[in-house]
Amino acid sequence: MEQAEIYTNVVRIISKHAKNEDALKSISTDTHIIKDLQVNSARLVDIVLDFEDTFNLEISDDDADRINTIGDAVKLVKELMH
Amino acid sequence: MLLHALGAYRCPDKQSVRKRLTDLLDAHPQRPVLLCANHLTMIDSMLITWFLFDFRTLLTRFERFPWNVPELQNFGSNILLRIMCYLGKCVYVERSGSADSRRMSWAKVLYLNRLGETICIFPEGGRSRTGRVDREGAVYGVGQLVQENPETLVISVYLRGHSQQQYSFFPKRGDSFFLDFRLTPCRAIPGRRGQREITQQIIEDLEAMEQNYFATR
C-alpha cells in the first residue's frame, strides 16, 4: 500500500473521532490527534483497533503510545506493513 | 452523616440494596470487587459509598470501603477536595498526563485490586454530558483491570437523583435517589479488543438499569 493511501485511510479513521471541525479542514501530518483534533484520549484504543483491521496488522502497546500526530500514525503503519 | 447534614440526600431503597449487596459479597468471599457506576455528579462516589455500605461495615470491613480513581484536575486545585480525597481512599489519575503517569496510577489500582480491595470506577470516563449512560465516552481501563485479575467481582451500579436531568457538580439539594446494581459476569477476553468488549458488557448493564429506571417512572 502506497503512503498516500495509508495517509488517506489514517485520516478517515481518525476523523470519525475528531471534535474540532476546523482542525480537520487543515489536517496534515503535523496535526496532533488529541491537542488539535480534540480526539478523546479514550478513543485512541478504537483508532488503533481500526488501524489493525484496516491494514491487517498488530500494534503493540509501546507502538501505540508513540502515536501523537497523523504523521506518527502513518509512519508506524508503514513500518509495520513492510 | 456528613452527606446527610450537607445535602439531606436520601435513598429510600438503601436498606434493601445494602442487603442484596451484602448477600452477594458474602457469597463471594476473598474476591476483589469492582464497582462500575454511571456518572452524573462530582460526588457520585461519595453517595455510592454512603448508600451501599452502612457506617459499621465501613469501619469493620475496611476493604469494602471503595477506593476511588478521581481525575487530578477535578480536585487538585481545591484544598477541601484534596483533603476529602486523601481521607477517602483515592488514587488520582491524570487523564491528559503522560503515558508513564497513567501507567503508574493503573499500577496502584491493580495492586489494590490484587490485595482484595473494593474499587469504584466510572467506565464512562467522566460525567455523562447527555445525562444518560454515555457509551461514546467509555474508557477501556476497566476492561484492562478485569483482564489483569479475572477473579474480580464486577458489579455495575446505577445511581440517579430523581431531579437529575443532565450532569452537574452537585445533585439537587434534598434529592431522592434511585439505586440499583447488577453482577456483571465479564468474560476475560485477552488483548485490546477484549478490554473494549468487557467495558461494553458493563455499559450494557448500566444502560439496562437506566432503561428500567425510566420505564418505571
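In the set A:T29, A:T54, A:T69, which member is surrounded by 13 or more Cβ atoms within 10 Å (Cβ to Cβ), in contact with a strand residue (DSSP E or B) (Cβ under 7 Å, 6 or more places away or on another chain) and closer than 27 Å to B:G191 by Cβ? Can you show your working first?
Details: A:T29 fails: closer than 27 Å to B:G191 by Cβ; A:T54 fails: in contact with a strand residue (DSSP E or B) (Cβ under 7 Å, 6 or more places away or on another chain).
One residue alone meets the criteria, A:T69.
Hey, could you check the stretch B:77-107 for residues that are closer than 23 Å to B:Q147 by Cα and of a type in the set (S, T, N, Q) and say which is surrounded by the fewest Cβ atoms within 10 Å (Cβ to Cβ)?
The extreme case among them is B:S98.
Among the residues in the stretch B:203-211, are any within 14 Å of another protein chain (Cβ to nearest Cβ), under 30 Å from A:A64 (Cβ atoms), part of a helix (DSSP H, G or I) and modelled with pLDDT of 95 or more? Step through it out loud before you land on a result.
Step one: filter the stretch B:203-211 for residues within 14 Å of another protein chain (Cβ to nearest Cβ), giving B:203.
Checking which are under 30 Å from A:A64 (Cβ atoms) leaves us with B:203.
Now narrow it down to the ones that are part of a helix (DSSP H, G or I): B:203.
Pick out the ones that are also modelled with pLDDT of 95 or more and you get B:203.
Checked against the condition, which is being within 14 Å of another protein chain (Cβ to nearest Cβ), under 30 Å from A:A64 (Cβ atoms), part of a helix (DSSP H, G or I) and modelled with pLDDT of 95 or more, the stretch B:203-211 yields at least one hit.
Restricting attention to the stretch B:152-185, and to residues there that are over 22 Å from B:R129 (Cβ atoms) and among the small types (G, A, S), which single residue is modelled with the lowest pLDDT?
Out of the qualifying residues, it is B:G174.
Restricting attention to the stretch A:61-82, report how many residues are part of a loop (DSSP other than H, G, I, E, B) and in contact (Cβ under 8 Å) with a residue 12 or more places away in the chain. Steps first, answer last, please.
From the stretch A:61-82, those part of a loop (DSSP other than H, G, I, E, B) are A:66-68, A:82; that's our starting set.
Still in the list and also in contact (Cβ under 8 Å) with a residue 12 or more places away in the chain: A:67-68.
The number of residues fulfilling the criteria is 2.
Residues that are more than 15 Å from the chain's Cα centre (by Cα): list the helices (runs of 4 or more DSSP H) wholly contained in the stretch B:38-157 that include at least 1 such residues. Working first, answer last.
On the way: elements: B:44-52, B:55-60, B:72-75, B:79-87, B:99-114, B:141-148.
The qualifying helices (runs of 4 or more DSSP H) are B:55-60, B:72-75, B:79-87, B:99-114, B:141-148.
For the stretch A:20-39, give me each residue that is part of a loop (DSSP other than H, G, I, E, B), more than 10 Å from every other protein chain (Cβ to nearest Cβ) and farther than 26 Å from B:I198 by Cβ. Please lay out each step first, then the result.
Going through the stretch A:20-39, the residues part of a loop (DSSP other than H, G, I, E, B) turn out to be A:20, A:26-31, A:33-39.
Now restrict to residues that are more than 10 Å from every other protein chain (Cβ to nearest Cβ): A:20, A:26-31, A:33, A:36-39.
Within the stretch A:20-39, A:N20, A:S26, A:I27, A:S28, A:T29, A:D30, A:T31, A:D36, A:L37, A:Q38 qualify.
Among the residues of the stretch A:40-60, write down those that are outside any loop (DSSP other than H, G, I, E, B) and facing chain B (nearest Cβ under 9 Å).
Residues satisfying the conditions are A:S41, A:A42, A:R43, A:V45, A:D46, A:V48, A:L49, A:E52.
Go through the stretch B:175-200 residue by residue and tally those that are more than 14 Å from chain A (Cβ to nearest Cβ), closer than 26 Å to B:T49 by Cβ and out of contact with any strand residue (DSSP E or B) (no Cβ under 8 Å at 6 or more places or on another chain).
The number of residues fulfilling the criteria is 0.
Consider the stretch B:129-140. How many of its residues are surrounded by 19 or more Cβ atoms within 10 Å (Cβ to Cβ) and modelled with pLDDT under 95?
Qualifying residue count, the stretch B:129-140: 5.
Across the stretch B:178-202, what is the total count of residues that are assigned to a helix (DSSP H, G or I), surrounded by 14 or more Cβ atoms within 10 Å (Cβ to Cβ) and over 20 Å from the mean Cα position of the chain (by Cα)?
Within the stretch B:178-202, residues that are assigned to a helix (DSSP H, G or I), surrounded by 14 or more Cβ atoms within 10 Å (Cβ to Cβ) and over 20 Å from the mean Cα position of the chain (by Cα) number 3.
The values are calculated or read from the model by the stated rules, or taken from the named source; none is laboratory data. Worth saying up front: this structure is predicted, and the values here are computed from it rather than measured. All Cβ positions, glycine included, derive from the backbone under ideal geometry; neighbour counts span all protein chains shown.
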